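Encoded as structure tokens, the structure appears first; notes follow it.
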Amino acid sequence: MNFARVLVERARSAMGALAPREAHYAICSPLQALPYEAQVRCKEAALWRVLGRRVPVFPSAVIWGYRKKMEFALYGSESGVRLGWHARGSRGRRKVPIDGCVLASRRLNEIARQAAAALGEVGAWAGDTKALVASESKASGAVALRLVVHGGEELRWRRWQEVVGALPGVAAAQVAYTRKETPATAPERIIAGPHEVWLEERVCGVWVRYPAFGFFQNNIWQMEELLITLAEVLAREAPRQFVVWDLYAGAAPLSAALARLLEGRVRAVSALELDEALAQAARRNLRRVGVAARVVGGDIARTFLRDDDASLNTSRAVAIVDPPRSGLHSVVVRRLQEKGPALLAYVSCNPDTLARDLALLEGTYSLAALKGFDFYPNTLHLEALAVLMRRA
């Protein structure tokens, strides 16, 4: 069962009830032509089909301009360089010019447009670029920019970085090089600008520092609703004092916010994160909330639940997992089955792999709570929170 396919089937009959806000809506947000209340109902129905149970979906209070980060293509023409999307089905070979995206804020769109236009001003060619990444802090309004290139003259890229870095509202600008066949998310070297770019976001009253171009949840409002829901469940079900194992931790915004929401009950945090820059940010963020913390950077499959881990106490531990779309690594599933904690909170960005992982854990854990959160209104994506209790 494929969540996106089921959602499209459910939504197709009601499509066209509204006029889309953008001509290119089918590329980035294909549900624009559907009233938002109908979008939520369709996502609930699709989630029911995929998970085999009725699951409420918490709607987003903000349905436009919510995204914190955008990755644009760049479209060159005789009139200059514009923002663009890769056309659907073109495998990156054809671009569609756009003025921005309604899922991002006006501020982010305006700065991104100026950054694209600056390429023409310095005589650079859009064909040498791979992507323009724009990342915004919703708390401060600061925007960081990364231009990813695979060719061209470095002198022009350095000039672009100087011009764009001086734009009002731009916290930092960076030019990164990668080979043409390499993903834009994996630059090989920095040509111009700072090697490390950081932003700060406020989550449930906690200031969280994170790498501007690394992973961070895109919808802060829904992220806070999910955390409040999780804190309410843990307040009822978790031991009076417990240790949090934050797996796939990122910059540890989830465990840092929970430590604040459940102040006095979270005794310590053990966090694991593959990306060392994110692991460094996690250490800093957990220190900020005053909780004892140990952050391990490295491959989660190798470091998870080492036998010599002195903090291992399954009866007084809560694990948080927030894996990528591929879901839990098989090693993580096996270790959770063997000696997982009393409570497990699973934050999923892919209902399909969530269904798979819940089935794998069914013999070890029972489901205590399950709820969908519409982090991405107008799109085919959905987040979900599952809280599981270890069977006796």
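Bear in mind that the values in this text are calculations on the coordinates, not laboratory data. Note that this is a predicted model, so its numbers are computed, not measured. Virtual Cβ from ideal backbone geometry, glycine too; neighbours counted across all protein chains shown.
Before moving on, here are some points about what is shown:
- Partners of Lys371 within straight-line reach, counting lysines whose Cα lies under 20 Å from its Cα and excluding those fewer than 8 residues away in the same chain: Lys43.
- Rotationally averaged projected area of the stretch 190-233 (alpha carbon convex hull; nm²): 3.6 nm²
- Taking every alpha-carbon pair under 8 Å whose residues sit at least 6 apart, the chain reaches a relative contact order of 14 percent.
- Stokes-Einstein D for the stretch 92-166, Kirkwood Rh over Cα pairs, 4 °C, 1.567 mPa s (µm²/s): 98 µm²/s
- If you wrap the Cα atoms of the stretch 178-272 in a convex hull and average its projected area over all directions, you get 7.6 nm².
- Label-to-label distance, nm, for residues given as Arg41 and Ile27 (7 Å Cα→Cβ offset): 3.2 nm
- With an a/c value under 1.5 for the gyration tensor axes a ≥ b ≥ c computed over the alpha-carbon atoms, the stretch 217-390 is described as rounded.
- Cα radius of gyration and Dmax for the stretch 1-160 (Å): 18.5, 58
- Within a straight-line Cα-Cα reach of under 17 Å, Lys138 can be paired with the following lysines, leaving aside sequence neighbours fewer than 8 residues apart in one chain: Lys68, Lys69.
- Shape of the stretch 3-58, Cα gyration tensor, a/c cut at 1.5: prolate
- Hz values of 3J(HN,Hα) by residue in the stretch 187-195 - Karplus curve (6.51, -1.76, 1.60), Gly and Pro given as x: x, 8, 7, 9, 7, 8, x, x, 6
- Per-q log10 I(q)/I(0), the chain, q = 0.06, 0.07, 0.15 Å⁻¹ (Debye; single scatterer per alpha-carbon; no solvent): -0.25, -0.34, -1.39
- Amide H contacts of Leu83 (H built 1.01 Å from N, in plane; Pro and chain starts excluded): Tyr75, Ile98 sit under 5 Å, all sequence-distant by 5 or more or on other chains.
- Taking the alpha carbon gyration tensor of the stretch 69-201, multiplying each eigenvalue by 5 and rooting it gives semi-axes of 20, 18, 15 Å, largest first.
- Distance between the 7 Å Cα→Cβ label points at Gln337 and Asn2: 2.8 nm.
- Projecting the Cα atoms of Leu145, Gln217, Ile190 onto the charge dipole of the chain, computed from C-beta unit charges around the Cα centre, puts Gln217 farthest toward the positive end.
- Summary of packing: across the peptides 4-14, 280-290, the per-residue average of other C-beta atoms within 10 Å ranks them, highest first, as 280-290, 4-14.
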